[in-house]
Amino acid sequence: MDGFDSSVGLIILAATNRPEILDQALLRAGRFDRQVLVDRPDKKGRLDILKVHVKKVTLAQDIDLEKVAALTTGFSGADLANLVNEAALAATRRKASAVELQDFTAAIERIVAGLEKKNRVLNPKERETVAYHEMGHALAALARGKTGNYLAFFPSYAYLQQVYEAFAARWPDIPTLVQQRSLDDAGRAEFLAQFAPHPANTLLGFAVMGGIFGEGVDLVGDRLIGCAIVGVGLPQVNPRQEMLRRYYEEQSGCGFDYAYRYPGMNKVLQAAGRVVRTPQDKGVVLLLDDRFAQPDTARLFPPHWQHIQYLPGTAALETALAAFWDV
């Protein structure tokens, strides 16, 4: 690159899927000093890409590519091409004449399982894809453990929407309810009214942790028998929280605790507190974040959480839920 004359009107373009491993010498001024991020496709983008790749395979008449697009959050264009190939192979193994949704589902499981191999380090996007996948399985296990009403709390609406789209496409038989953006008090009341006592069918609600659902939610008895909490509730970094962090760091050396960890745990406790409101209530709380197992977070658990179980996967969760509800 040092051999080009500065008077030559030449532009060099390059692309990589692994920008984190590039030598910094390549990125300094006069070399590749302009970077344009081409992020992984959103749901609409994934749908458009799938339409291109499925032209070479025979699809079942009732196949809904929008459902497949919703199931593939975090997939790149190359992942989607691989998905179509894997789905076609799955259909061939079944000796089917057309590719069906079950083939795409099996292909997704195969691809995600490949991402989970322990002998490689996942990049952030791969971790995100695996997280959405595993979270969906955990929520499905929760909802199928016993007929009843459940709530899943998320740290942001964007996160909620990503998981909900994948979940609704993968488990359409589980009824769901989703908090809408800018929900007011009337909307919250309407949302909570759906959590009726003695439900004949399961209902899984998706809501944002804190905010309008932080207080004043009193679903006693079997109006709510379980919740899942995604994330440890840490506030977003902003000038106010940073000011608190600096102040308490100077005062006690615990700036992060006071500015972020304590407020986050308060939101977690508020969400978990929606489940058991009276001495007669019985319910389950899932903490879906590895950080809950870390000492800095676990030390903040209230005394009645000391019986908490750490489970290695969905199969163990299903077994634990069955044992819990059988008591």
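The values are calculated or read from the model by the stated rules, or taken from the named source; none is laboratory data. If you're wondering where the values come from, they're calculated on a predicted model, not measured in any experiment. Every residue, glycine as well, gets a Cβ built from its backbone with ideal geometry; the counts of neighbours run over all protein chains shown.
The set of residues in segment 98-150 being at pLDDT 90 or above and over 29 Å from residue 205 (Cβ atoms) consists of 98, 99, 100, 103.
Residues that are surrounded by fewer than 17 Cβ atoms within 10 Å (Cβ to Cβ) and in a helix (DSSP H, G or I) within segment 141-158 comprise 144, 158, listed in sequence order. Between 240, 223, 245, the distinction of being of a type in the set (D, E, K, R) and under 29 Å from residue 163 (Cα atoms) belongs to 223 only.
Listed here are the residues, each with its yes/no results for (1) within 26 Å of residue 81 (Cα to Cα); (2) among the basic types (Lys, Arg); (3) in contact (Cβ under 8 Å) with a residue 40 or more places away in the chain.
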| position | (1), (2), (3) |
| --- | --- |
| 14 | yes, no, no |
| 20 | yes, no, yes |
| 27 | no, no, no |
| 33 | no, no, no |
| 38 | yes, no, no |
| 42 | yes, no, no |
| 46 | yes, yes, no |
| 49 | yes, no, no |
| 53 | yes, no, no |
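Annotation: of all residues in segment 258-287 being of a type outside the set (Val, Ile, Thr), in contact with a helix residue (DSSP H, G or I) (Cβ under 7 Å, 6 or more places away or on another chain) and touching a residue at least 60 places away in the same chain (Cβ under 8 Å), the one that is farthest from residue 145 (Cα to Cα) is 281. Among the conditions (1) part of a helix (DSSP H, G or I); (2) closer than 27 Å to residue 157 by Cα, residue 323 misses just one, which is (2). The selection criterion, being modelled with pLDDT of 85 or more, in contact with a His (Cβ under 6 Å, 6 or more places away or on another chain), part of a helix (DSSP H, G or I) and surrounded by 14 or more Cβ atoms within 10 Å (Cβ to Cβ), does not hold for residue 69.
So, in segment 163-183, exactly how many residues are at negative phi and either assigned to a loop (DSSP other than H, G, I, E, B) or polar (S, T, N, Q) (or both)? Adding up the residues that qualify gives 10. Checking every residue in segment 233-255 against the condition of being part of a loop (DSSP other than H, G, I, E, B) and under 30 Å from residue 323 (Cα atoms) gives at least one match.
Note on segment 72-81: residues that are modelled with pLDDT of 90 or more and either farther than 23 Å from residue 131 by Cβ or surrounded by fewer than 22 Cβ atoms within 10 Å (Cβ to Cβ) (or both) amount to 1. Every listed requirement among (1) part of a loop (DSSP other than H, G, I, E, B); (2) at pLDDT below 90 is met by residue 199 save one, (2).
Pairs meeting the criteria (first residue in segment 288-316 and free of Cβ contacts under 8 Å to residues at least 40 places away in the same chain, second residue surrounded by fewer than 11 Cβ atoms within 10 Å (Cβ to Cβ) and not in a helix (DSSP H, G or I), beta carbons under 8 Å, at least 6 apart or on different chains) are 293/310.
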